[in-house]
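Written below as structure tokens is the structure these notes are about.
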Ligand SMILES: C[S@@+](CC[C@H](N)C(=O)[O-])C[C@H]1O[C@@H](n2cnc3c(N)ncnc32)[C@H](O)[C@@H]1O
């Protein structure tokens with residue numbers, strides 16, 4: 001078990017939800033609202049987001065739950081409570097895992113079973129994982145024309161959990177996106193956070 005998963009297990013104990021709550025407060029204290037929700041809804045209203053959404057590092061309130069009609073939301077997070085997240089509107093697949101561990105194992109291929117992923121959401125997760133590897137792997141299972149939404153702020157978040165492989169800048173993320181077959185559609189800054197919208201083009 002990875003150190004991060006061990007840390008999360010220590011925070012979590014069944015029947016004592018306050019421990020999970022305190023973890024959520026930790027994220028809240030160190031992070032900022034991104035307005036990514038509004039951006040996602042704007043694309044959704046134009047029917048651009050397809051049917052299968054992968055929500056990486058979704059947290060306890062997945063942004064994908066705001067979308068109107070995905071048939072499947074695939075949630076990935078190390079927080080144990082994602083196992084019990086449900087939506088009335090669509091099928092939820094919860095993958096409770098440390099993303100770095102997932103990338104090392106064959107389990108990532110599990111996502112192939114859900115067909116091409118139409119939309120990927122990576123909100124405030126890149127600082128905590130081997131983001132280049134994550135981007136490279138998810139680009140292989142994302143549908144052509146599918147959209148990728150990234151919210152990130154370099155060196156902001158919960159420093160003690162930062163990955164040594166976190167991005168050094170938003171420009172670095174954009175450079176990597178382009179080399180993984182994406183086209184940059186939008187780059188904006190909202191409340192300190194850089195928002196990137198990209199589309200898979202090859
Ligand atoms: C700042 S929160 C963002 C939550 C959500 N995406 C949002 O924007 O509201 C970061 C999330 O990444 C998750 N996370 C951090 N490191 C992770 C890892 N190595 N593997 C999987 N999830 C991780 C945390 O558990 C947390 O839910």
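A short reminder: the numbers here are calculations on the coordinates, not readings from a lab. Note that the coordinates shown come from a computational prediction; the quantities given were computed from them, not determined experimentally. Cβ coordinates were reconstructed from backbone atoms using ideal geometry, including for glycine residues, and neighbour counts include every protein chain displayed.
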Length gained if residue 96 through residue 160 is fully extended, taking 0.36 nm per residue and subtracting the Cα-Cα distance, is 20.9 nm
A correct fewest-to-most ranking of 164, 61 by other Cβ atoms within 10 Å would be 164, 61
Exposure-ranked with fewest Cβ neighbours within 10 Å first, 58, 180 stand as 180, 58
